[in-house]
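Just below is one structure, and these are the notes that go with it.
The values are calculated or read from the model by the stated rules, or taken from the named source; none is laboratory data. This is a predicted model, so every value here is computed, not measured. Note that each Cβ is placed from the backbone with ideal geometry, even for glycine, and that neighbours are counted across all protein chains shown. Each accessible area value is taken on the protein alone, full model and side chains, heavy atoms only, with ligands, DNA and RNA left out. Shrake-Rupley method; radii C 1.70, N 1.55, O 1.52, S 1.80 Å.
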Amino acid sequence: MSPGNPAATAAPSGIRFDGVSVAYGENTVLDRLDLTVEPGEVMALLGPSGSGKTTALRAVAGFVRPASGRVLIGGRDVTPLPPNQRGIGMVVQQYALFPHLKVKDNVAFGLKAHRTPKAEIAGRVTEALELVGMAAYAARYPRELSGGQQQRVAIARALAIRPGVLLLDEPLSALDARLRSGMLAELARLHRELPDVSILYVTHDQVEALTLADRIAVMDRARLQDCGTPEELYRRPRTEFTASFVGNANLLPVTVTGPGRVDLAGTALDVPTDTAAPGAAATLCVRPHLVGIGAGPNALTGTVTEVQWRGSTHRVHAEVAGHRLMADLRELRDPPALGDPVTLHFASEDAVLLPAGTAPEATESPEAPETPKKAQAVASG
Ligand code: ADP
């Protein structure tokens, strides 16, 4: 507990999913999830719509009962406990404030439900509202607040009970882009002020996950696909799915020809190949910002198919060796034009070789970020 921080918590922290499965009828929507969120850690559950993220969060909250497996909070098995005995705070996408209650009464609501002594309630409400910068709005009704302010009140309500675990389900997705980036910074500050609280953050937005999370758990089709720090997942993804869902990726089908060598449609490339056996099909992953223009190592010659100016970079798409390759190029004085011949290259150490076929078809959803879809298109074409 940090001294001087009124909302600091001594409540049990840390979450463990121990082989947690959830099914609706025949449909398994969470398949044997094993995952640990350390005390004080922000874990993002990132994945396309329908991949089981909210179900995992609701299993921690106690709103869905696992078909098998256990959920532990602070090392204690809470699987049989009702939500109000788990020491969790939860915030969902749609604020869910009571419209007929003032801000302070909304925040007090959870405290009353937790049988907090009456004499303590007013003080705890003020503490929680101060934590989110909303103390001046205590006497307002939700309708008198902006979306961002309502969401802050919802967070204050979740924090008032001093939970050891904070569950956030797409908390920013109802906000417009400008408010969202402000709230992201707010959440990062809140995390610094509550260093003991474990936060599980469900999102389909990779920017939110990369910005906020200490680690990201990548979900697809009811399963955990990958888990690591944002940097690990970005630099060293283990699957095509992670590579394309976390950041932009060129994914090229290659054949391993020997130690450190692969073949891309007749062009030999030097890449790290510690594990893959000669003759094996693999997928080469190179981030667009690590592709250079002109002669260099691993040069690929082709034709420019698209040029997009993006302010600080030009994104050049080219067709090379029968495949599309994207390059994000900085300070390009003389950008190539559509149809120009072009040579692109990348350093061996910037390439990652992935097992082929580790990109389960993305569950296409209007919410899924644009980037992965583009990368999928590169992968298949
Ligand atoms: P995500 O949060 O990744 O979008 P969810 O965990 O909400 O995914 O849902 C996973 C799957 O479970 C989806 O296919 C969804 O339709 C299904 N599902 C969720 N809740 C229910 C429910 N109450 N009854 C039946 N199916 C459900």
By residue number, the members of the stretch 301-317 that are in contact with a His (Cβ under 9 Å, 6 or more places away or on another chain) and either farther than 10 Å from Leu329 by Cβ or of a type in the set (A, V, I, L, M, F, W, C) (or both) are Gly302, Val304, Thr305, Glu306, Val307, Gln308
The helices (runs of 4 or more DSSP H) lying wholly within the stretch 94-174 that contain at least 3 residues that are within 24 Å of Ala213 (Cα to Cα) are 118-131, 147-160
Within the stretch 97-113, the residues that are open to solvent by less than 60 Å² (accessible area, probe 1.4 Å) and more than 15 Å from Leu159 (Cβ to Cβ) are Leu101, Asp105
Exercise for the section: Kindly indicate whether any position in the stretch 153-166 is more than 18 Å from Ala128 (Cβ to Cβ) and open to solvent by less than 40 Å² (accessible area, probe 1.4 Å). Expected result: no
Of the listed residues (Ala265, Ala299, Ala295), the one being on the phi > 0 side of the Ramachandran plot, more than 32 Å from the chain's Cα centre (by Cα), open to solvent by 10 Å² or more (accessible area, probe 1.4 Å) and of a type outside the set (Phe, Trp, Tyr) is Ala265
Scanning the stretch 40-51 residue by residue, the ones that are open to solvent by 10 Å² or more (accessible area, probe 1.4 Å) and over 22 Å from Ala11 (Cβ atoms) total 2
Taking the stretch 33-48 and keeping only residues that are within 15 Å of the ligand (Cβ to nearest atom) and assigned to a strand (DSSP E or B), one is left with Leu33, Leu35, Met43, Ala44, Leu45, Leu46
Log entry, pairs with first residue in the stretch 54-65 being of a type outside the set (Ser, Thr, Tyr), second being in a loop (DSSP other than H, G, I, E, B) and within 8 Å of the ligand (Cβ to nearest atom), beta carbons closer than 9 Å, six or more apart or on different chains, reads Arg58/Val64
Here the qualifying pairs (Cβ atoms under 9 Å; residues six or more apart or on different chains; first in the stretch 329-342 and on the phi > 0 side of the Ramachandran plot; second modelled with pLDDT of 95 or more and surrounded by 10 or more Cβ atoms within 10 Å (Cβ to Cβ)) come out as Gly339/Thr303; Gly339/Val304; Gly339/Thr305
